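Peer 1: Before anything else, here's the structure in question.
The values are calculated or read from the model by the stated rules, or taken from the named source; none is laboratory data. Predicted, not measured: the structure shown is a model, and the values here were computed from it. We place every Cβ from the backbone using ideal geometry, glycine too, and count neighbours over all the protein chains shown. Heads up: the accessible areas ignore ligands, DNA and RNA and are worked out on the full protein's heavy atoms, side chains in. Shrake-Rupley method; radii C 1.70, N 1.55, O 1.52, S 1.80 Å.
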Amino acid sequence: MNLEDYKGIWIFVEYTEDKISELTFELLGIGRRLADKLKVELSSVILGHNIKCDLNLLFHYGSDKIYKLDNKHLEVYRTIPFTDALEYLVNKYRPEVLILPATSIGKDLAPRLACRLETGLSADCTELDIGPDGNLIQKKPSYSENDYITILTPNHRPQMITIRSKIFTPQTPDPNRTGKIIEEHLELNESENWTKILEIIEEDQEDANIQEAEIIVSVGRGIKKPENLGLIKKLSSCINASIGASRSIVDLGWISHYHQVGLTGKTVKPKIYIACGISGAVHHIIGMKSSDFIIAINKDPEAPIFQVADIGIIGDLFEIIPILIDKLTIK
Amino acid sequence: MKIIVCIKQVPETNNIDFNPSDLTINRSHVNGIINPFDLNAIEEAVRIKEKFDDVTISVISMGPPSFEKTLKEALTYGLDSAYLISDKLFAGSDTFSTAYILAESIKAIGDFDLILCGKHAIDGETGQVGSEIAENLKIPQATNVKKIEFHENKKIIKVESDTENGYRVLEVKLPALITVNKEINVPRIPSFKDARKALKIPIIKWDLGKLKNIDKTKIGLTGSPTKVVNIEKFQKKKDTKFISGTPNEIVNELYQILKDKHVV
Ligand SMILES: Cc1cc2nc3c(=O)[nH]c(=O)nc-3n(C[C@H](O)[C@H](O)[C@H](O)COP(=O)(O)OP(=O)(O)OC[C@H]3O[C@@H](n4cnc5c(N)ncnc54)[C@H](O)[C@@H]3O)c2cc1C
Ligand SMILES: Nc1ncnc2c1ncn2[C@@H]1O[C@H](COP(=O)(O)O)[C@@H](O)[C@H]1O
């Protein structure tokens, strides 16, 4: 493989019906910065059939080019035809970096494609940069609670990664930006490996869209028992907050995963984030450190959550929160 | 029908193990356990075996010799054979290399109808190895699956694959690879009888000497496309202002802050 043959940054576009996902714009945001640093083009790649999205938005959010492949077999996502189509485009145009969303589709597609292309894939990157040698520097939290690891894919192309939502921010759209759309065609032949979609079921989301919340009261294992969650619910209703949670209590089954904040949960940026009884493992911090203002209540003065807090309260949440609720309800 | 379950040993997470007195994390003994999602994969295989005649289940793991313990534990669920794929040259393999080694090992085991993996391993949480095995073997895949149903002819399965806002019902031709999530079942406690039977099943150990087809340039630290080049401590970002005093004093100050922030 000649690494020099691979140029440019590609973003895989995810959309539903006629709407491009917000995460796609976030990927374009970081993609634009990387492309500028490398002085290469940023391209969006979109697969589908009779695609109705407003593709101009991809230019407004930073794309220089759009690769569009329309085929009746790509109408809904299926692993093999999507892998075949992307393999074809990558081999034809040779991007050096390919970024996919860490969604259920992206997580199904990215490893299959990486393996097909015989290249590396890093999941859930939280920081990206370009090294002096032009390699993509891929950073993310490691297994151990407070370490960050750096990964490189030095000898293979494209360098592939996935990114979760709300980790990066889109750039301000520029309605005057335009670019070139390259329409591609590919014959896709159905095989034994194709799955058949029988049904797509959409369920009502539990009412916990914490990513939109302005105030979040978040709770961890310091709450001790699921019965004690009432205290947190009371506090959150006093100040009109949504409830967040650490993975520990989600894993214990005390609260649904819709509430989980962190690397494998949701990334949130509320105006105020109140962490109650959360130790602050890097996996949790990744998901809330960009909140405008962070208040942490923890009885352990060494708890790492204090490292990202604006206000630290070293104390027992069972003493402090009831008094606070009283004070809030008297008013 | 032949089922192969891929399992990984992971460090026991602090999520489960904590001191009952003050609920702090008990880090005194970090044990190797079967990745929790892989237990769901084992359970699902056992349920299929209970439903149909002539089902055999093999379990496979790539890792250091210490993973033998995990395979022994897996056998107590009533499985038929266990393979430990281990060689010094496998050390440092990333998901690409791991999946390649596992796929070559599965080819060496022979025919199969269904491969089950966990949705992801809780240590790295990449969830990549399953799809990468499927690609190596050129078989269909379905990931994040919460239900598997067999068609009468046992050549086709219907699965429910979870998405962000619901799920997709897919029809998949066998042989196929499925990764399962926690919703699919609740793993049982192994029976005494199965546990005793397991003691008599030898763990089959394969290394590069046995797996001659493996291309050495695609494995281990040097063959892995991704390289971990640095590990650093998470940076402290802020100057934290600490509030101290009696609970009442703390609340007074906190209340003032919330007021300044227009929360109250
Ligand atoms: C790959 C991977 C991904 C992960 N993803 C996530 C993720 O997305 N989100 C996430 O949250 N975690 C995630 N984790 C888990 C993470 O590493 C931690 O295990 C978890 O965040 C710890 O949760 P906790 O702070 O609630 O529990 P603990 O670490 O047990 O902390 C409880 C805290 O409560 C304090 N406390 C106890 N009693 C009181 C009291 N009465 N008053 C005040 N304070 C008290 C204690 O001092 C302690 O600091 C992930 C882990 C891995 C390996
Ligand atoms: N070393 C391994 N040996 C056997 N199976 C593995 C190994 N690593 C990963 N797997 C399987 O692949 C799944 C996903 O792992 P991961 O991609 O590491 O998150 C696991 O749940 C296992 O079923």
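Peer 1: Taking the condition of being at pLDDT 95 or above and at the interface with chain A (Cβ under 7 Å from one of its Cβ atoms), how many residues in the range B:165-179 meet it?
Peer 2: Selection size over the range B:165-179: 7.
Peer 1: Which of the residues that make up the range B:145-180 are crowded, with 17+ Cβ neighbours inside 10 Å and not in a strand (DSSP E or B)?
Peer 2: B:174, B:175
Peer 1: Please specify each residue of the range B:211-254 satisfying the condition of being part of a helix (DSSP H, G or I) and surrounded by fewer than 17 Cβ atoms within 10 Å (Cβ to Cβ).
Peer 2: B:216, B:217, B:221, B:222, B:248, B:249, B:252, B:253
Peer 1: Does the range B:65-124 hold any residues that are assigned to a loop (DSSP other than H, G, I, E, B) and under 23 Å from residue A:104 (Cα atoms), and which are they?
Peer 2: B:94, B:119, B:120, B:121, B:122, B:123, B:124
Peer 1: Any idea how many residues of the range A:22-50 are outside any helix (DSSP H, G or I) and open to solvent by 30 Å² or more (accessible area, probe 1.4 Å)?
Peer 2: Total satisfying the criteria: 4.
Peer 1: Can you tell me which residue within the range B:121-137, out of those that are facing another protein chain (nearest Cβ under 7 Å) and open to solvent by 10 Å² or more (accessible area, probe 1.4 Å), is nearest to residue A:113 (Cα to Cα)?
Peer 2: Out of the qualifying residues, it is B:136.
Peer 1: Limited to the range A:115-143, what total is found for residues that are among the aliphatic types (A, V, I, L, M) and within 7 Å of chain B (Cβ to nearest Cβ)?
Peer 2: Matching residues across the range A:115-143 total 2.
Peer 1: Would you call residue A:323 buried (at least 20 other Cβ atoms within 10 Å of the Cβ), farther than 27 Å from residue B:231 by Cβ and more than 8 Å from ligand 1 (Cβ to nearest atom)?
Peer 2: When the stated conditions are applied, residue A:323 does not pass them.
Peer 1: Considering only residues that are of a type in the set (Asp, Glu), modelled with pLDDT of 95 or more and either open to solvent by 100 Å² or more (accessible area, probe 1.4 Å) or part of a loop (DSSP other than H, G, I, E, B) (or both), which ones fall in the range A:169-194?
Peer 2: A:174, A:183, A:187 - these are the residues of the range A:169-194 that are of a type in the set (Asp, Glu), modelled with pLDDT of 95 or more and either open to solvent by 100 Å² or more (accessible area, probe 1.4 Å) or part of a loop (DSSP other than H, G, I, E, B) (or both).
Peer 1: Counting only residues that are open to solvent by less than 20 Å² (accessible area, probe 1.4 Å) and either farther than 22 Å from residue B:155 by Cβ or charged (D, E, K, R) (or both), how many does the range B:107-120 have?
Peer 2: Result for the range B:107-120: 1.
Peer 1: Looking for whichever is under 28 Å from residue A:261 (Cβ atoms), at pLDDT 95 or above and either within 8 Å of chain B (Cβ to nearest Cβ) or within 16 Å of ligand 1 (Cβ to nearest atom) (or both) here; the options are A:210, A:197, A:216. Which one fits?
Peer 2: Sole residue among the options that is under 28 Å from residue A:261 (Cβ atoms), at pLDDT 95 or above and either within 8 Å of chain B (Cβ to nearest Cβ) or within 16 Å of ligand 1 (Cβ to nearest atom) (or both): A:216.
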